[in-house]
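Here, each number is a calculation from the coordinates, and none is a lab measurement. Nothing here was measured: the structure is a model prediction, and the numbers come from that model. With ideal geometry, Cβ positions are generated from the backbone for all residues, glycine too; neighbour counts draw on all protein chains shown.
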Amino acid sequence: MPVETAWGLRIDEVRPKTRARCLVFRDDLDAVRSAAKDATAPHGVIIVAAAEDAVAALLGPAWQSTPPEPIMTIALRQIASSVPVGYDLTTTIDAGVINVRVQADGEVAAAGYTAVVDGVAVVDRVGTEPAHQRRGLGTAVMNALTVAAMDQGAVTAVLHGTEEGRALYERLGWQLHSKITSFTHAA
């Protein structure tokens, strides 16, 4: 569970190699400095919307950054979801997490997740396997996530995407809200 801090949220032991993930909501270097104290264990992560160069200079060479990635939002509206012939789409809900999968011959070709918190759908891990790209499966996943999220009371949605996925999201009406950069403590 996330722990609220003065600078944002800290999530402990996110993945086996990530000891702490710190989401810094304030756009100032003092907030980043404070978060760094909680994230310095090997593979600690700090995610910021602050200026990448200033944060990199503050943290120093022990921290490796990713290129800035988009945070995007949208006001949800009902959209029909369909998949091409030969694919099957399923939507399941487990412990409040909506899971959409598109399968071909029993294997996952595309998938995505969302959870609804206070009317906001938080979309995560949307992806299409390389052999199945450019067939509309990403659009089908996003549309199915939207329908299921609205059924759970969502009116807006947010996602942390990649630059590769940004074109799809923009085509579906998503708007760039800001860019964020992740810094990982290497040692």
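Taking the Cα-to-Cβ direction at residue 99 and at residue 6 and moving 7 Å from each Cα, how far apart do the two end points lie in nm?
Rounded to a tenth, the inter-label distance reads 4.1 nm.
Can you work out the Karplus-derived ³J(HN,Hα) for every residue in the stretch 157-166? Use 6.51 cos²θ - 1.76 cosθ + 1.60 with θ = phi - 60°, whole Hz, and x for glycine or proline.
3J(HN,Hα) across the stretch 157-166, in whole Hz: 9, 9, 8, 9, x, 10, 5, 5, x, 4.
Compute the distance from the alpha-carbon center of the stretch 135-159 to that of the stretch 20-86, in whole Å.
Distance between centres, Cα-based: 23 Å.
Could you give the alpha-carbon Rg of the chain over 2.2 N^0.38 Å, rounded to two decimals?
After normalising by residue count via 2.2 N^0.38 Å, the value is 1.11.
Compute the distribution of all C-alpha to C-alpha distances in the stretch 1-107, in bins of 5 Å from 0, and list the percent of pairs in each, rounded to whole numbers.
2, 10, 16, 16, 14, 10, 10, 11, 8, 4, 1
With only alpha-carbon pairs counted, each pair once and no self-pairs, how large is the Kirkwood hydrodynamic radius of the stretch 77-154 in angstroms?
Taking every pair of different Cα atoms in the stretch 77-154, averaging 1/r and inverting gives 12.4 Å.
How much length is gained if the chain between residue 147 and residue 91 is pulled fully straight, taking 0.36 nm per residue apart and subtracting their Cα-Cα distance, in nm to one decimal?
The residue 147-residue 91 span can extend by a further 19.2 nm.
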